[in-house]
1. Hey, can you tell me all the residues within region C:61-87 that are among the β-branched types (Val, Ile, Thr) and either touching a residue at least 24 places away in the same chain (Cβ under 8 Å) or crowded, with 19+ Cβ neighbours inside 10 Å (or both)?
2. Pull up region A:59-88, narrow it to residues that are more than 7 Å from chain B (Cβ to nearest Cβ) and aliphatic (A, V, I, L, M), then point me to the one that is surrounded by the fewest Cβ atoms within 10 Å (Cβ to Cβ).
3. If C:Leu58 meets every condition in (1) surrounded by 19 or more Cβ atoms within 10 Å (Cβ to Cβ); (2) modelled with pLDDT of 95 or more apart from one, which number is that one?
4. When you go through (1) within 22 Å of B:Asn168 (Cα to Cα); (2) of a type outside the set (Asp, Glu); (3) within 14 Å of chain C (Cβ to nearest Cβ); (4) under 11 Å from the mean Cα position of the chain (by Cα) one by one for A:Pro26, which number turns out not to apply?
5. Is there any pair linking a residue in region C:88-110 that is more than 9 Å from every other protein chain (Cβ to nearest Cβ) to one that is of a type outside the set (Phe, Trp, Tyr) and assigned to a helix (DSSP H, G or I), with Cβ under 7 Å and at least six apart or on different chains, and which?
6. Say whether the condition of being in contact (Cβ under 8 Å) with a residue 40 or more places away in the chain and either more than 15 Å from B:Asp139 (Cα to Cα) or surrounded by fewer than 18 Cβ atoms within 10 Å (Cβ to Cβ) (or both) is met by at least one residue in region C:7-25.
7. Those residues that are at the interface with another protein chain (Cβ under 8 Å from one of its Cβ atoms) and aromatic (Phe, Trp, Tyr), I need them from region C:49-87; list them, please.
8. Could you run through region A:31-58 and say how many residues are closer than 27 Å to C:Ser75 by Cα, assigned to a loop (DSSP other than H, G, I, E, B) and within 13 Å of chain C (Cβ to nearest Cβ)?
Amino acid sequence: MSETKYQAGDAVKVRAAFPPGHVRTPHFIRGCDGVVTQYVGSHPNPEELAYGRDGMPKKPLYRVKFNQADVWPNYEGPAKDTMVIDIYEHWLEKNQ
Amino acid sequence: MSHDDHDHSHGHDHSHDEPHPYQPDIEDAPFTERMVMAQAVAELIVEKGIVSTDEMRAQIEFMDTREPALGAKLVARTWLDPEFKARVLTDVKAASAELGIDIGDIPIQAIENTEDVHNVVVCTLCSCYPRMLIGLPPDWYKSRAYRSRTIKEPRKVLEDFGTTIPDNVEVRVHDSTADLRYVVLPARPAGTDDWNEERLTDLVTRDSMIGVSLAKSPETA
Amino acid sequence: MTIRRHHDMGGLDAGAVEQTEHDYAIWEKRVDAIVKVLSTPERKILSTDELRRGIEELGPGVYDNLNYYERWISSATNLLLEKGVITVDELGAKMADVEARWQKDRDTGS
């Protein structure tokens, strides 16, 4: 696990980047603050695979949990509601 | 292995203003350009020796064996065997293999409903789904409405399915965006303490493993 | 500029979830099988990621007007053409052939 930058419990921010091509980080979550819950292995980079390349080097993938209310300011449900999204390491920044 | 309990409505992936009708028996139905394209490509890759007709047939037959009953068996076993459940939560592939179910190479992660958390799965970017464990997804899972709304107003979407989650339970939405697929382990219904695995399996619906509903209660089973 | 691509729809407003479903037709199963057999580790002619990228690049109009497996076969066919696995001529001829056969089957009621 030494190759991974984050571990469970780390506060992270999803990069607020908007490249025009194929990515697997949903638009709505970019720029949001969350907490890593789990490292779920390193996988070939889908942003490379999508264009016919081999996806190497592999990218660490994390499950990241967000509070609904932090993602949607007008969220109508209870404050405890959350979402968990799978996000590759290169889409995450450390949050202080 | 067919889905006899389903209706044959021509559900599809968008609003109903431009229907694409089709029926299983192509000879009786209008065919679209893409159906022709699919047949043409299937024949070309066989003629070129890339695949054999046997392999194509075997693949289609194999997917026909993938159905919610496989996942239901897994869930029912977790209700009866806490150690098995622990193995499911750490490694669905190995635990499924114990039941003779091969889920292939795409990792599936199980997420457990508890007294405190209700889980529901969506894929906002496409339609990722644990197909090797519960078969191909229903149309609504691939619909714009489900993919758009579930991540933002999950409780309202659950209401569309007649499922009300109390406010003291956290609703946790899982967006299946990357290399993992998710299957929900619904909670065991009350009043089933003396039930055997076979009866319990009947309570586990496809929708309960997506998380839009709960397992059936003994009264409605 | 914050580009949101058409397929990336999480959080957008939409109507009620209509609980539609249908038994998958044989042509849909065939499309599924085409993609699966071409993307096996032994062949790697297609990948899921390429298929998704190709679906996204169908563009908003086509994306919404086609149903799920129509999008799959459109993307897969484009990829096979790009990669030189099949040619435009071969595809055109075969599609004409298939259509003629199906039309004949239907006309003769077989």
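The values are calculated or read from the model by the stated rules, or taken from the named source; none is laboratory data. Small disclaimer: the values here were computed from a predicted structure and weren't measured. Counting neighbours? That spans all protein chains shown, and the Cβs are built from the backbone with ideal geometry, glycine included.
1. If the condition is that a residue be among the β-branched types (Val, Ile, Thr) and either touching a residue at least 24 places away in the same chain (Cβ under 8 Å) or crowded, with 19+ Cβ neighbours inside 10 Å (or both), then C:Ile73, C:Thr77, C:Val85, C:Ile86 are the ones that fit.
2. Among those residues, the one meeting the criterion is A:Ala79.
3. (2)
4. With (1) within 22 Å of B:Asn168 (Cα to Cα); (2) of a type outside the set (Asp, Glu); (3) within 14 Å of chain C (Cβ to nearest Cβ); (4) under 11 Å from the mean Cα position of the chain (by Cα) applied to A:Pro26, the lone miss is (1).
5. These pairs meet every condition: C:Val88/C:Leu81.
6. Within region C:7-25, one or more residues are in contact (Cβ under 8 Å) with a residue 40 or more places away in the chain and either more than 15 Å from B:Asp139 (Cα to Cα) or surrounded by fewer than 18 Cβ atoms within 10 Å (Cβ to Cβ) (or both).
7. Listed by number, the residues that qualify are C:Tyr68, C:Tyr69.
8. Residues flagged as closer than 27 Å to C:Ser75 by Cα, assigned to a loop (DSSP other than H, G, I, E, B) and within 13 Å of chain C (Cβ to nearest Cβ) within region A:31-58 amount to 8.
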